[in-house]
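Below is one structure, written out as structure tokens, with a few remarks after it.
The values are calculated or read from the model by the stated rules, or taken from the named source; none is laboratory data. Predicted model only: the values in this text are computed from it and were never measured. All Cβ positions, glycine included, derive from the backbone under ideal geometry; neighbour counts span all protein chains shown.
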Amino acid sequence: MEITEKPQETETKPQVIHIRILTSKLRRELKKPMGILLHGPMEEIATVLKAMVDEEKPAKIVSVGDQVSQDLASHSLTPDILIVDNKIMRREIEAISVSAPVVMNVKNQAGTISDEARIAIERAATNPRRVKIIVDGEEDLLSLVAIVTMPESSLVLYGQPPHKGIVVVKANSVNKKKVQDILERMKRDN
């Protein structure tokens, strides 16, 4: 994992790789939204999200995915933590325009959750500054880690493919328990 804080400071850690792998049964289960599915024009979604943020006052707002992160930022809802892979629907894109004082680069293969990515999300959860985690690989399953890792009352947002809207998951004890169960049912690489 590489962590860059402005000014450019880099921290490298020894590579210890433990990976959780998505099973086909869990893949089917995760196709359903884990939280509230907001759909419609982005302007309407942004209005609903702003009202949720005003009412709930979340500890952190986390976006998982390039499209969601860019859409939120372009509607004045810049997340505290952005988890991106410079891809939309698995197609390479130019890096999104949202900057952050802390940037972490991690590796995470498709259909997996690496320890490297998990540790980066845990660090981001306790960082008071905006954090952008750039994933070499795929970030889709990292929303699970964000839900269990973020402080109580945080909101984790991710896109519901294909083009169905944005899912909002409250990081509360009920959702954390559900996600922890999913993580425990994932196959372990070592």
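From the list Ala124, Ala59, exactly one residue is buried (at least 16 other Cβ atoms within 10 Å of the Cβ) and under 22 Å from Val168 (Cβ atoms). Which is it?
Unique residue meeting the criteria: Ala124.
Table: residues versus (1) more than 20 Å from Thr78 (Cβ to Cβ); (2) at pLDDT below 95; (3) outside any helix (DSSP H, G or I).
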residue	(1), (2), (3)
Asp140	yes, yes, yes
Ala146	no, no, no
Leu157	no, no, yes
Val168	no, no, yes
Val174	yes, no, no
Gln180	yes, yes, no
Leu183	yes, yes, no
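Scan Val98, Val84 and give me the residue that is touching a Lys or Arg at 6+ places or on another chain (Cβ under 8 Å), at pLDDT 95 or above and under 20 Å from Glu138 (Cβ atoms). Full working, then the answer.
Details: Val98 fails: at pLDDT 95 or above.
None of the others qualify; the one that does is Val84.
Conditions: (1) under 19 Å from the mean Cα position of the chain (by Cα); (2) at pLDDT 80 or above. Ile3 meets all but one. Number of the miss?
Failing condition for Ile3: (2).
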